[in-house]
Amino acid sequence: MRHRSSTVKLGRTSSHRRAMLRNMVTSLLREERVVTTVPKAKVARRVADRMITFAKRGDIHARRQAARVVQDPKVLQKLFDDLGPRFEKRAGGYTRILKTGFRAGDNAPMSILELVENRAVLAEEHAAPTDAKEKRKAARRAAPDARKEPKKKAAPRKSKTDAKKAATGPAVKKVAKKAARGK
């Protein structure tokens, strides 16, 4: 039975697992996006959300607790100066996991672990492509006759071998013989 055993071991020793999660969370907070396998992303999400909660608290004890995981001083500063205030009004759920398919080498399920952005930023990013899409749809509706015209068949292409055969064919040989005779 696995009652109350919530640690996902990921096939690693505890020291290796701890080091891997520290590196992954530090990279996530630095780049705001990390590509990894789904099980690793699920474990790293728990740690990353905890770090952002520390950043929202913002006191010295929270900074020291976060420094145990995030060991790069620049990333720690970004966490407390930028990410903490960004997620101030959000009550949890600071990261998302997007599944991307399977890795070619070993067929492991891959995903993107990323920080959730502000809704205004997402709305702007998604608004532009839909406007262009709507413009294309409107253009198609405006010119329905253009789609119904029959397509013209392309003239058959002559290959180099066809040209070579034509240059050395029997008719060319007869013309060459007549020219040689002077006729």
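The values are calculated or read from the model by the stated rules, or taken from the named source; none is laboratory data. None of these values were measured; they are calculated from a predicted model. No Cβ is skipped: glycine too gets one built from the backbone with ideal geometry, and neighbour counts run over all protein chains shown.
Take residue 47 and decide whether it is of a type in the set (Val, Ile, Thr), at pLDDT 95 or above, surrounded by 19 or more Cβ atoms within 10 Å (Cβ to Cβ) and within 17 Å of residue 8 (Cβ to Cβ). So residue 47 does not fit the description; no. For first residues located in segment 92-108 and farther than 13 Å from residue 32 by Cα, partners that are surrounded by 12 or more Cβ atoms within 10 Å (Cβ to Cβ) and of a type in the set (S, T, N, Q) and lie 6+ apart or on another chain with Cβ distances below 8 Å form the pairs 92/53; 98/111; 99/111; 100/111; 103/37; 108/37.
In a residue-by-residue description of segment 123-140, the property of being outside any helix (DSSP H, G or I) and either modelled with pLDDT under 75 or over 16 Å from residue 35 (Cα atoms) (or both) applies to no position. A count restricted to segment 64-82 and to residues that are under 24 Å from residue 17 (Cβ atoms) and either charged (D, E, K, R) or touching a residue at least 40 places away in the same chain (Cβ under 8 Å) (or both) stands at 8. Counting only helices (runs of 4 or more DSSP H) that fall entirely inside segment 1-69 and contain at least 1 residues that are under 23 Å from residue 107 (Cα atoms), the qualifying elements are 14-31, 38-57. Checked against (1) out of contact with any Phe, Trp or Tyr (no Cβ under 6 Å at 6 or more places or on another chain); (2) part of a helix (DSSP H, G or I); (3) among the small types (Gly, Ala, Ser); (4) over 17 Å from residue 115 (Cβ atoms), residue 101 passes all but a single condition, namely (2).
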